[in-house]
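Scroll down for the structure; my scribbles are underneath it.
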Amino acid sequence: RLDFEIGEGAHDDQMKFWVDAMTSNLSVDRLIGKERLEAAALHVMASPAGLEVSGPGKLFGAPAALELHRAFGVKGPAQAQLTFTFDDAARQRAGYAVTGMTGPVSAIVRTPLPIEDVKTEVELDLSRVAFDNPMPGLVKAAGKPAKASFQLIQRPDAIAIEQFNFAAGPAQAQGNIEFSKEGAFRSAKIAPIRLSPGDDMRVEIQKTGALTKIAIHGANVDARPVLQSYFRAGGRNANTGAAKPAVESAGSSFGDHDVDFNSPVVTGFGKQILSNVSLKLESRSGRPKSLALTGNFGHERVGVTITRAQNDMPQLDIATNDAGSLLSFIDLYRKMESGALTVSLQLGANRSDGTVRIRDFYVKGEPTMRQLMQQSGNLRTDDRGVTRFDPDSVQIGQLFAEFGWNGGQLSVRQGVMSGPAIGMTFDGTVDLPHDTIDLAGSYVPAYALNSLLSNIPVVGILVAGGQNEGVFALNYRLSGALSAPVVTVNPLSAIAPGLMRKIMGVLDGTAHVPH
């Protein structure tokens, strides 16, 4: 429908005219790419100053506003500005949905009309958008400032995004991206890109056939956002709560991909620095095929590889002679010093299971160790008042445990830690995303002497409670907040040998009962 008026008049001895028209339920095909403007109610005003068009409509199925201006007597296309909101449903319909990105995007598009074969200026307000690791380490709550801008150029054989600028708090990126005419990703050059203020990285991505190659080169990289997204965020989608696959890796949205990462300095938690880092990853059909990561904590080397186990499952192997630095780097535990660590982990689709062994290390400044000693009465002194056992520096000869990893939750089975002064068994769970811990077991003082009987068949089970326990031991439980757990000890369990001590643990709540 079109309603209009036409008039004319005189001014400065020149004839003037004007047109004032209204449209309703107007549709315009291929206004942006294949998208059409629908249900538009436009006000059209023509005068000697030029043509003015404005009014609401729908674009991508969402409310939009159109403003268009063209001066008479000036060659070239009309200049238009489109303002619209691109919500989750609209992005899904248009094929622009991004995993880990939810919430409405406010968009302003400035372009000559028709749009094809010209530069289109795009500004995006991402303040109402929540980011949940659309790329590893990129996290933002809805309501926090974020924006992006770029030039969209449609060429005969490609669609290019040039002068791309993105900013969301400390995260920033600049560069160029290219797609095929049909919208399939081809390549990207992003430099600089950073997730933390101190980052200095550049990324080049090239897709050939089904394979995408990702090259990341950094002078200085802060790994904490990426580590936190995996360990503390738990590999779960913040919007649905659903667990992401345990083997999901950076760049998995690219399908089959190879990643080549190099940086002389990579910073982790606990002020730990991994130097001369090199990572090469091959992933096929959404699963890691091979991985080789090397680096150094000081003079101690770290090696991480993925191979195939006998059951053809991918197996992750980790080895280093500085377990304390590695566990602190990934923010898993910060009270360990030195230690030779080996980990073997079979990577499943939703859960990973493996074993860990650490030899010859110290536990220093651990508050729960002192609490355990105090409650068990093991902080005895000699005739001169000197403590026989220092809970702030505990020497451990060996730690071994079976464990599972699923969605940020670490489950420990058959754990044992032994040293000259103490021994401990432990089973339970550590929930990193929720900052909770629930571990239970037996504490064996004077472990080297006390555990001798535990290795004698039959007698060891009846008197000492089994292998790795002792004649004199106490049931304990460590529970509550991971940052400040509560230690519970049953002192009566020290006089209850063997199996009776385990039974008492179930009754008094100090023994861990699997859910």
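The values are calculated or read from the model by the stated rules, or taken from the named source; none is laboratory data. All figures in this text were calculated on a predicted structure; none of them were measured in a lab. Backbone-built Cβ (ideal geometry, glycine too); neighbour counts: all protein chains shown. These accessible areas exclude ligands, DNA and RNA; they are computed on the full protein's heavy atoms, side chains included. Shrake-Rupley method; radii C 1.70, N 1.55, O 1.52, S 1.80 Å.
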Just for region 137-149: of the residues that are part of a strand (DSSP E or B) and open to solvent by 30 Å² or more (accessible area, probe 1.4 Å), which one is farthest from Glu178 (Cα to Cα)? Val139
Restricting the first residue to region 74-92 and requiring it to be without any contact (Cβ under 8 Å) to a residue 40 or more places away in the chain and under 15 Å from Lys58 (Cα atoms), which pairs with a second residue that is surrounded by fewer than 16 Cβ atoms within 10 Å (Cβ to Cβ) and among the β-branched types (Val, Ile, Thr) meet a Cβ separation below 6 Å and a spacing of at least six or different chains? Thr83/Ile108
Out of (1) assigned to a loop (DSSP other than H, G, I, E, B); (2) modelled with pLDDT under 75, what's the single condition that is false for Gln375? (1)
With the structure loaded, tell me whether Gly385 is open to solvent by less than 30 Å² (accessible area, probe 1.4 Å) and either modelled with pLDDT under 80 or of a type outside the set (Asp, Glu) (or both) or whether it fails that test. no
The correct count of residues that are touching a helix residue (DSSP H, G or I) at 6+ places or on another chain (Cβ under 6 Å) and either modelled with pLDDT of 85 or more or buried (at least 18 other Cβ atoms within 10 Å of the Cβ) (or both) in region 48-90 is 2
Collect the residues in region 417-426 that are crowded, with 20+ Cβ neighbours inside 10 Å and modelled with pLDDT of 80 or more, keeping them in residue-number order. Met417, Met424, Thr425, Phe426
Restricting to region 99-119, and then to whatever is assigned to a loop (DSSP other than H, G, I, E, B) and open to solvent by less than 20 Å² (accessible area, probe 1.4 Å), can you tell me which residue is modelled with the highest pLDDT? Gly103
Subset of region 171-196, residues open to solvent by 70 Å² or more (accessible area, probe 1.4 Å), of a type outside the set (Lys, Arg) and not in a strand (DSSP E or B), comes to Glu182
Starting from region 152-170, keep only residues that are among the acidic types (Asp, Glu), then list their pairs with residues that are open to solvent by less than 50 Å² (accessible area, probe 1.4 Å) and in a strand (DSSP E or B) whose Cβ atoms are within a distance under 6 Å, requiring at least 6 positions of separation or different chains. Glu162/Gln151
If we keep just the residues of region 316-357 that are without any contact (Cβ under 8 Å) to a residue 24 or more places away in the chain and under 20 Å from Leu432 (Cα atoms), which is least open to solvent (accessible area, probe 1.4 Å)? Leu327
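Condition check ((1) open to solvent by 40 Å² or more (accessible area, probe 1.4 Å); (2) part of a strand (DSSP E or B); (3) closer than 19 Å to Val98 by Cα) across all residues:
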{"position": "Glu121", "(1), (2), (3)": "yes, yes, no"}
{"position": "Phe131", "(1), (2), (3)": "no, yes, yes"}
{"position": "Met135", "(1), (2), (3)": "yes, no, yes"}
{"position": "Ala160", "(1), (2), (3)": "no, yes, yes"}
{"position": "Glu204", "(1), (2), (3)": "yes, yes, no"}
